[in-house]
Amino acid sequence: MYVDPSNYDKPEDAIVEFTAEIDASLLYLEMLIGKGEFGEVYKGSMTGALGKKHPVAVKTLKKDTTPKSERDFLLEASVMGQFDCPNVLKLKGVVTKYRPWMIVMEFMSNGSLDNFLKANDGRLSHLELISMAKGVGVGMKYLAEMNFVHRDLAARNVLIDGNLVCKVSDFGLSRELEEKESSRGEYATTGGKIPIRWTAPEATKYRKFSSASDVWSFGIFLWEIMSFAERPYWDWDNFKVMEEIDNGFRLPAPLNCPKGVHDLMMKCWKTERVERPSFTEINKILDGWIEKPTMEGDIDLSYALRSWLESIKMAEYTEYFVAAGYQRPRELHSIKEGDLKEWGITLVGHRNKIMKGIKNLQAKKNG
């Protein structure tokens, strides 16, 4: 279970408990890539035990900071240090023996998901988009099972790597579920900022946060994915957003969004939090779309095939495979080069590339 590091008398004690101190001489800061709440964020490298350099992201604490910022910086690292999930951003360690203090994390080459979606508007298949959502669903299920509430799930707080794997990040607003409240799973707070457009009504009004309010946020996050990071509720101000939600308004389906995906969003936006699905249920639904995307209004089967062909730079031949009756990569194991030639794929180099890709698929399956 997650342990709230703010319960420690001194944040330094939590740092010792939940993180590893890194020798600053092993780090090299290469390029400024952003600014965080406490300071600057760099792409860098860290020298490992065998002398190999690994890419990392490094948050630094600015020099003229306040004692509160120092404490929050240490608490954020102590929160991250407790997580170990492929879809939650991983902490490598901290530097607290020297200035500037640093939080060292795995490097995600494609940056924040909202910027990635905007840059690739219309270029990603439904299957790719749903797979991104599934990664975040896995991360959120893990956090919920640890009795941890994120409170600020949004595309801007999800990072994406070169393989399009998404990881939940940014735990600055996050809080844990109190044991005594676990039956209702809520967290009440009297302070802190609330991201209105992503936040459930009970959290906005009464500051009661729970895994169910994170589910509401996941619905908004899913809407962001399917709209390629449009702004939820467009140019409405926060007061109008709250008023319209109270009156029963819910975001309509984004352009070309499958009906089933919008239906899941609507389930996440139930007024009564007990009626919202859990992250376990959400992941089962997403798995179903990825494994058997056959429901009317959901995801066309050929997206999986097209996505694989895109990965080997052979997307131009998608219709050849579909016409031959193939719809998923795992169905391709019996294909021979002669079949490709018979379908009209005349270039030898392209046939060889496709056959190599099929062999790699089979090797992964057997591995």
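The values are calculated or read from the model by the stated rules, or taken from the named source; none is laboratory data. Because the structure is a prediction, the values reported are computed rather than measured. When we count neighbours, we look across all protein chains shown, and the Cβ atoms used for this are built from the backbone with ideal geometry, even at glycine.
The table that follows gives values for the structure above.
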item	result
Test: residue in the stretch 337-353 that is at pLDDT 90 or above, within 16 Å of A304 (Cβ to Cβ) and surrounded by 16 or more Cβ atoms within 10 Å (Cβ to Cβ)	no
Any hit, the stretch 92-114, residues being surrounded by 15 or more Cβ atoms within 10 Å (Cβ to Cβ), among the hydroxyl-bearing types (S, T, Y) and outside any helix (DSSP H, G or I)	yes
Tally, over the stretch 307-353, of residues that are in contact with a Phe, Trp or Tyr (Cβ under 7 Å, 6 or more places away or on another chain) and farther than 22 Å from L129 by Cα	6
Filter result for F73 (out of contact with any helix residue (DSSP H, G or I) (no Cβ under 8 Å at 6 or more places or on another chain), closer than 29 Å to D4 by Cα and among the aromatic types (F, W, Y))	yes
Unmet criterion (only one of (1) more than 18 Å from N157 (Cβ to Cβ); (2) of a type in the set (K, R); (3) touching a residue at least 12 places away in the same chain (Cβ under 8 Å)) for K52	(3)
Residue that is surrounded by the fewest Cβ atoms within 10 Å (Cβ to Cβ) [pool: residues in the stretch 263-294 that are among the hydrophobic types (A, V, I, L, M, F, W, C) and farther than 24 Å from F148 by Cα]	I290
Complete set of residues in the stretch 305-345 that are charged (D, E, K, R) and either closer than 26 Å to N163 by Cα or assigned to a loop (DSSP other than H, G, I, E, B) (or both)	R306, E310, K313, E316, E319, R328, R330, E331, K336
Contacts under 6 angstrom Cβ, first residue in the stretch 105-118 being within 12 Å of E224 (Cα to Cα), partner β-branched (V, I, T), 6 or more apart	L113/V158; L113/I160; F116/I160
Search result, residues across the stretch 9-22 that are modelled with pLDDT of 95 or more and either in contact with a Lys or Arg (Cβ under 9 Å, 6 or more places away or on another chain) or of a type in the set (S, T, Y) (or both)	T19, A20, E21, I22
In the stretch 2-27, the residues that are of a type in the set (S, T, N, Q) and crowded, with 17+ Cβ neighbours inside 10 Å	T19
The lone exception for F321 - which of (1) in contact (Cβ under 8 Å) with a residue 24 or more places away in the chain; (2) surrounded by 11 or more Cβ atoms within 10 Å (Cβ to Cβ) it fails	(1)
Any hit, the stretch 33-49, residues being surrounded by fewer than 17 Cβ atoms within 10 Å (Cβ to Cβ), of a type in the set (A, V, I, L, M), part of a strand (DSSP E or B) and in the same structural domain as P67 (by TED's automatic domain parsing)	yes
Residue tally, condition under 29 Å from S131 (Cβ atoms), of a type in the set (D, E, K, R) and either assigned to a helix (DSSP H, G or I) or out of contact with any helix residue (DSSP H, G or I) (no Cβ under 9 Å at 6 or more places or on another chain) (or both), over the stretch 224-255	1
D9 being part of a loop (DSSP other than H, G, I, E, B) and over 17 Å from R99 (Cβ atoms)	yes
